1. Tell me, what HN-Hα J-couplings in whole Hz come from the Karplus equation 6.51 cos²θ - 1.76 cosθ + 1.60 at θ = phi - 60° for each residue of the range 317-326, using x for Gly and Pro?
2. R0 = 35 Å: FRET efficiency of Thr82 with Ile269, Cβ-based, nearest 0.05?
3. What angle do you read, to the nearest 10 degrees and between 0 and 90, between the alpha-carbon axis of helix 94-103 and the longest principal axis of the chain?
4. Write down the Å³ per residue value for the convex hull defined by the alpha carbon atoms of the chain.
5. Taking a virtual spin label 7 Å from the Cα of Asp173 along the C-beta vector, which residues in the range 127-160 bring their backbone nitrogen under 14 Å of it?
6. What ranking do Tyr72, Tyr258, Tyr221 get, fewest neighbouring Cβ atoms within 10 angstrom at the top?
7. Quick one: among Ala142, Ala279, Ala80, which has the greatest mean-square fluctuation in a GNM of the chain with alpha-carbon springs under 10 angstrom?
8. Taking amide H positions as placed in the peptide plane 1.01 Å from N, state which residues far from Ile294 in sequence (5 or more) or on other chains have amide H under 5 Å from it.
Amino acid sequence: MTARVRVIGAGVAGLTAAYECARAGCHVDVIERREGPGLGCSFLAGGMISPWCEEEGAEPLVVELGVESLRYWTEIVPVATTHGSLVLAPPRDRTELTRFERLTSERERVGAAEIAALEPDLAGRFDEALFFPREAHLDPRAATAALAGRLAAMENVSLFYGVDAEQLWDDADWTIDCRGFEARDALPGLRGVKGEMLVLYTREVNLSRPIRFIHPRHPVYIVPRGDGRFMIGATMIENEEAGRITARAMLELLGAAYAVHPAFAEAEIIETGAGVRPAFADNLPGLRIEGRIIYVNGLYRHGFLAAPALARRAVAIALEGASVEEAMHAHRSQRQEA
């Protein structure tokens, strides 16, 4: 008998979960209360698929999930560009660059000539950097659109936008809840972490890969979006107020962009945004099971980095009868054998 799966939420977590279930042969209903896919936190994401950079501050689980998801975004749903990541620091923070290097892997230290070869527009501006050649980046809005398009073309998938899940029938064998922070009613301890970002437009700067700029209080990154657009992000504030970007965040993000290249001072600010990212107390993404409901949540600032790998584990639970621990262990063993 073919399983019927109900996925609530059409952000990156919901879309990847739905796609993995559909590829496994399930009948899938995707229910999203917004008017289209990818309009929540996914809409404001950076889109850096950078598991080895994340070693600097994240737990090993994040790195494991990220390495698996890197393959997903470059082979299974190939919307990512593999140009690597570049980590820079001002001269006064060179010791921080050394610390970043010590805590990470799959990177190489490069000098001024190599920086200029990688990013000609940064020639002469920095003497040292860390280059992570295997990392990738994507446009989150294009990625969610691509996933939604694939789902729409599948005969075993139904998409419901602008609809609350409570308004529809529930005859599913399993429900996969991917509502993010909205699931706090069912997940005690889930908290919101506000992230602020902006998008600049300029034809005076050309970058091929994400730039992480070491900041005294928090990392700032610049992600090229193409056509002269650059996403600058992102703050991490322990509050649950979405929508409004603060003056301090604007100053810090713009200041970091200017420090990377002065031409950003003349750029046009074409978008600002602030979203609330869901996080558990340990800041680790994970799965929770309650009856026939699988909660995929706590993705924090690792949505695109962790969602595909968590989706595969949710399928193992729903279709193979695995527990959370068994699903995680099985996939870890598969990676080690590979």
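We did not get these values from a lab; they are worked out from the coordinates using the rules stated. Keep in mind the model is a prediction, meaning the values are calculated, not measured. Counting neighbours? That spans all protein chains shown, and the Cβs are built from the backbone with ideal geometry, glycine included.
1. Once θ is set to phi - 60°, the couplings for the range 317-326 become 5, 5, 9, 10, x, 6, 7, 4, 5, 5 Hz.
2. Here the calculated transfer efficiency is 0.75.
3. That works out to roughly 30 degrees.
4. 134 Å³
5. What the label zone holds, given the 14 Å backbone N cut-off, is no residue at all.
6. Result, fewest neighbours first: Tyr258, Tyr72, Tyr221.
7. Evaluated over the chain, the most mobile residue of the options is Ala142.
8. Thr175, Ile176, Asp177
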